[in-house]
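Derivation of every value follows stated rules applied to the coordinates shown; laboratory data play no part. Everything numeric here is computed off the predicted structure, so don't read it as measured data. Reconstructed Cβ throughout: ideal geometry from the backbone, glycine too, with neighbour counts over all protein chains shown.
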Amino acid sequence: MTLKVGQKGSLSFTLPDGFGCGKCVFRSSDSSVVKMLKTLDNATFKAVKKGTAYITAKTCNGKEAKCKITVT
């Protein structure tokens, strides 16, 4: 995903049917580039300065997925 400084973005997740807890927490690898605004279940974030950061989604059983965010 590519954002310009000041833009907001969002990510959501889908878990398979019957998955235990159904919760997911998101975090930014570099909050000086991408600041998290909401971190539980569906992520919202804001591009703060030029650079690259990764948003990581982590489930209650430790599974992770990452999305690269490039801020221009």
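Structure values in brief
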{"read-out": "Footprinting exposure proxy for C60, C21 (fewest neighbouring C-beta atoms within 10 Å first)", "value": "C21, C60"}
{"read-out": "Amide H contacts under 5 Å for C24, placed H, 5+ residues apart", "value": "D41"}
{"read-out": "Cα convex hull volume per residue for the range 10-52 (Å³)", "value": "65 Å³"}
{"read-out": "Virtual paramagnetic centre 7 Å along Cα→Cβ of K46, amide N under 19 Å, in the range 16-37", "value": "26-37"}
{"read-out": "Mean Cα-pair separation over length for the chain, i.e. relative contact order, pairs under 8 Å, 6 or more apart, %", "value": "37 percent"}
{"read-out": "Given charges at beta-carbon only (K, R positive; D, E negative), |dipole| of the chain in Debye", "value": "360 debye"}
{"read-out": "Qualifying trypsin sites (Lys or Arg not before Pro) for the chain [loop in DSSP, other Cβ within 10 Å: at most 16]", "value": "K4, K23, K49, K50, K63"}
{"read-out": "The chain - Rg over Rh from alpha carbon coordinates, Kirkwood radius", "value": "1.01"}
